[in-house]
1. I'd like to know which of V369, P390, S412 lies farthest towards the positive end of the charge dipole of segment 368-413, counting +1 on Cβ of Lys and Arg and -1 on Cβ of Asp and Glu.
2. Given R₀ = 25 Å, FRET efficiency for L207-K365 by Cβ-Cβ distance, to 0.05?
3. Pairs to check: K365/K391; K197/K332; K197/K365; K177/K268; K289/K358; K268/K368. Give those whose C-alpha atoms are more than 26 Å from each other in this structure.
4. Quick check: pseudo-label points 7 Å beyond the Cα along Cα→Cβ at V265 and N174, how many nm apart are they?
5. In nm, to one decimal, how far is the R373 label point from the Q244 one, both placed 7 Å along Cα→Cβ?
6. Highest mean first, what order results for 183-190, 133-140 on Cβ atoms within 10 Å?
7. Find the Cα radius of gyration of segment 190-255, compare it with 2.2 N^0.38 Å by division, and give the number to two decimals.
Amino acid sequence: MVMASRTFLQAGNYLYKVANRGISPKTALKQWSCCHKTQSRSISISHVLKKDDNAEGSTMTIPEPPSLVPADALNSPSIVDATEVLDKVGVTLNAAGEPCMASYGLGGMWPSGWVQHALEFLHANVGMPWWLAILAGTVAVRLALFPLVVKAQINAAHFSEHMPQFQRLQQNFNEAKAYGNKLEAARLMHELNDFMKKKDINPFRALKLPLVQAPIFMSIFFALRGMASAPVDSLRVGGLAWFQDLTVPDPTYVLPVLTCATLAVVMKVGVDTGSNAMANNPLASYFFKAIPVILFPFIMNFPTNLAWYWFCANSVSLLQVSFLKIPAVRQKLGIPVKREWTPEDLPGTKKGFVEGFKDSWANMKAVKVVEERKRADELQFRRAGMGPVPKTYKYDPTKSPPTAQNILAKGSETKS
């Protein structure tokens with residue numbers, strides 16, 4: 001009993017001392033318990049009770065307890081408010097009572113800073129955990145880009161109607177260019193441009209959506225990487241299921257595998273453009289299939305918040321393309337039915353990887369030969385204009401031409 005009373009009084013005095021330093025009672029009590037844990041275990045009754053050897057009968061005396069914390073001490077104006085201390089050290093709390101992005105040196109005026117502020121609003125003001133805030137932000141971005149996705153689907157369906165004729169003209173132009181027939185190549189290029197203008201098709205329209213998505217993806221990428229590198233303390237417990245800590249890579253590698261798998265499916269179906277360009281180009285097909293495998297060693301070392309965002313983006317894209325495949329939805333949005341062509345309908349035959357690589361290598365060599373001939377002609381023309389004039393005449397044209405008598409005299413000298 002005496003031991004418990006002494007410990008309680010020591011804790012009260014400690015709380016009173018640290019109150020003037022702006023430390024909350026809960027935090028101070030934890031610090032005191034850590035510092036006095038070993039000391040409290042070593043105290044015995046002999047340290048509390050003092051034996052009076054001079055008194056008759058060897059009586060034991062109990063020391064006077066220390067004074068309690070004064071009742072008016074907690075209301076003393078000398079106690080510093082915790083918010084004032086945080087303001088002095090440059091720490092600002094958000095709505096959730098956590099240090100804001102500016103306290104970590106994040107949330108600037110760059111696009112990545114805007115993303116960090118938006119995620120902080122979803123987490124602190126709306127009350128979402130970090131994994132849900134990242135998911136909600138991903139869905140919001142995809143919904144904002146939905147009109148561009150619909151436009152890309154319409155362009156892809158319209159372009160597929162004229163695919164055979166377009167590829168035929170393009171193939172003829174490439175052949176003429178490879179063989180160095182400039183006149184024929186110019187004529188075919190003019191014919192190809194007229195065809196695209198007449199049919200209102202442009203293959204470069206498919207690049208609008210990727211050009212808009214690229215800066216958005218990079219902004220979110222750098223925002224999440226900066227939050228994990230700081231790190232934002234609440235990210236350590238803001239995960240889901242097996243990935244609670246969003247600042248470190250997934251130790252199970254499950255999330256990187258799911259991210260690469262969904263990325264492969266996205267590239268396979270051509271989510272954003274609605275056209276499977278890989279089916280018409282064998283080399284591109286093998287390249288896109290290899291991208292998820294190539295990226296896996298990098299994704300497995302990403303912080304979990306980055307892998308989680310990429311997985312969410314791929315999943316939302318797949319749900320989006322599934323939604324746009326519904327006939328009623330396509331009719332409502334004005335997306336025409338995409339015409340599918342067989343390899344027999346398109347110019348040329350579908351070749352394997354080896355044959356396609358050989359043809360590409362042969363075309364590269366042919367183009368190189370044509371370029372070398374062109375450079376040789378230009379060099380010869382330059383030398384002819386800047387070098388000495390070659391002699392292609394019997395007599396010097398800068399001098400007076402020889403008379404008939406001179407020619408006859410020179411001829412008689414030669415005979416003799």
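1. Of the candidates, V369 comes out farthest on the positive side.
2. Numbers: r = 29 Å, r/R0 = 1.17.
With a Förster radius of 25 Å, E is 0.30.
3. Values: K365/K391 38 Å; K197/K332 28 Å; K197/K365 32 Å; K177/K268 32 Å; K289/K358 20 Å; K268/K368 33 Å.
Result: K365/K391; K197/K332; K197/K365; K177/K268; K268/K368 exceed 26 Å.
4. 3.2 nm
5. 7.2 nm
6. On the way: 183-190: 14.2, 133-140: 19.2.
Ranked by mean Cβ neighbours within 10 Å, highest first: 133-140, 183-190.
7. On the way: Rg = 21.6 Å, N = 66, 2.2 N^0.38 = 10.8 Å.
Dividing the Cα Rg of segment 190-255 by 2.2 N^0.38 Å gives 2.00.
Any read-out appearing in this document is the output of simple, stated calculations on the displayed coordinates, not a laboratory observation. Please read these numbers as outputs of a predicted model, since none were measured by experiment. Backbone-built Cβ (ideal geometry, glycine too); neighbour counts: all protein chains shown.
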